[in-house]
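The values are calculated or read from the model by the stated rules, or taken from the named source; none is laboratory data. Since the structure is predicted, the reported quantities are computational estimates derived from the model, not experimental observations. All Cβ positions, even for glycine, are placed from backbone atoms using ideal geometry, and neighbour counts span all protein chains on display.
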Amino acid sequence: MGGSITQNSKNFIQSLFSNKILDYVETRNIEIKLSKKSINNFEKIIIESFKFEIEWLKYRIKNNKNLPGNLANDYKKRINEIRLRLKKLD
């Protein structure tokens, strides 16, 4: 499952996991395997996943000189979107 996952998704995800309906969640670029431990640390995992995703996208922009402009712009939009989500967590 993916799409707009935030720390507020925890209860819903935990319910699906408990009912053996869900075993992974994902951001656009990060997959997270679900377990009791990962659900207990869900907020921290989401925050660290978002931070990693930002760094990954910045790396891809910087190190791919032939990256099409529209893809670079998509990466920049995604970085801003993630930063807004992280800001809401503060």
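At a glance:
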read-out: Hey, I13 touching a strand residue (DSSP E or B) at 6+ places or on another chain (Cβ under 7 Å), under 18 Å from R83 (Cα atoms) and either among the polar types (S, T, N, Q) or surrounded by 15 or more Cβ atoms within 10 Å (Cβ to Cβ) (or both) or not; value: no
read-out: Residue in the stretch 44-90 that is surrounded by the fewest Cβ atoms within 10 Å (Cβ to Cβ), counting only those that are acidic (D, E), over 11 Å from the mean Cα position of the chain (by Cα) and assigned to a helix (DSSP H, G or I); value: E55
read-out: Selection within the stretch 1-43 - farther than 28 Å from Y75 by Cα, assigned to a loop (DSSP other than H, G, I, E, B) and not hydrophobic (A, V, I, L, M, F, W, C); value: N19, K20, S35
read-out: Residue that is nearest to the chain's Cα centre (by Cα) [pool: residues in the stretch 29-43 that are loosely packed, with under 15 Cβ neighbours inside 10 Å and of a type outside the set (S, T, N, Q)]; value: E31
read-out: Matching option when the condition is farther than 18 Å from L89 by Cβ and modelled with pLDDT of 90 or more, among N40, N11, N73; value: N73
